[in-house]
Amino acid sequence: MTSCSSWLDSFPPLRRLPAALQADLAAGSRVVELPAGSRIFGPGQGPENFLLVLDGVVRVSQVSEGGREIVLYRVAAGESCTLTTACLVGEEEYQADGVAETAVRAVAVPRRLFDAMIADSGEFRRFVFAAFGRRVTSLLRVIEDVAFARIEVRLAQRLLLLDDGTGRIAATHQELANELGSAREVVSRQLTEWQRRGLIRSQRGVVEIADRAAVARLASVT
């Protein structure tokens, strides 16, 4: 069990806060545990807490009116959710879904405390907005990829990114399409072609990289 203050060690910049502010932050926040599959937020909801992930992964995605989903980013241990930051600061409602992709342990900083820390601490502001800036840059790359990059390049890159070192990616064709903001039919067609060429092996719910060098060459094409 994480103590009321030891979680600060997972976010070194927060240990640079004055002792009094560290104490306020630790006392006013709570550690929450969420099972895999939990819906953390969704469109139309307003944020009640600023979340700092200690363990696990949160997937943030958006669904179009036609039902097509795209994964915008993931929040891993030691990170905060950029969309939550934007909604807290702008007093806006969420326009995307946040789901616990694995079991998640996180720190919930209540909105009132978050607002007070933003107002009172330059160090806390820098911590929050440095993370915000890094994520906005990555989101711009997502937009650029969806708009301009070829599907075979993006799919190869995604397979390599999702590979945990075993060469086996536990994902359906639909889930891979969601990762890329594409249609399942497009992804299935590309995977079928790669399987014919011996680059991958595909079965229900699993894609196995058979020729990593060839997939890496595809991923590096611009």
Which of (i) 1.15; (ii) 1.02; (iii) 0.93 is the computed Cα Rg over 2.2 N^0.38 Å for the structure on display?
(i)
Tell me, in nm to one decimal, what length is gained between GLN195 and ALA19 on full extension, where the rule is 0.36 nm per residue of separation less the Cα-Cα distance?
57.6 nm
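Below 8 Å, C-alpha to C-alpha, sequence gap of six or more: please give me the relative contact order for segment 111-222 in percent.
Contact order relative to length: 26 percent.
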Note: ALA27 to ALA76 extended length (0.36 nm per residue) minus current alpha-carbon separation gives 15.3 nm
Considering Cα pairs under 8 angstrom that are at least six residues apart, work out the relative contact order of the chain and quote it in whole percent.
21
222 nm mean residue ellipticity, helices alone, for the chain (DSSP H n ≥ 4; -39,500 (n - 2.57); rounded to 500):
-13500 deg cm²/dmol
Per the 1/(1 + (r/R0)^6) rule, R0 = 25 Å and r from the Cβ atoms of THR102 and VAL136, FRET efficiency to 0.05 is 0.50
Given H placed 1.01 Å from N in the peptide plane, which residues other than close sequence neighbours of LEU72 have an amide H under 5 Å from its amide H?
VAL60, SER61, GLN62
Lys, Arg +1 and Asp, Glu -1 on Cβ, resulting dipole of the chain about Cα centre, debye, nearest 20:
660
Label model pair ASP115, THR166: point-to-point distance (7 angstrom along the Cα→beta-carbon line) in nm is 4.7
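Every number in this text was worked out from the coordinates using simple rules, so none of it is lab data. Remember, it's a predicted structure, so these values are computed and weren't measured experimentally. No Cβ is skipped: glycine too gets one built from the backbone with ideal geometry, and neighbour counts run over all protein chains shown.
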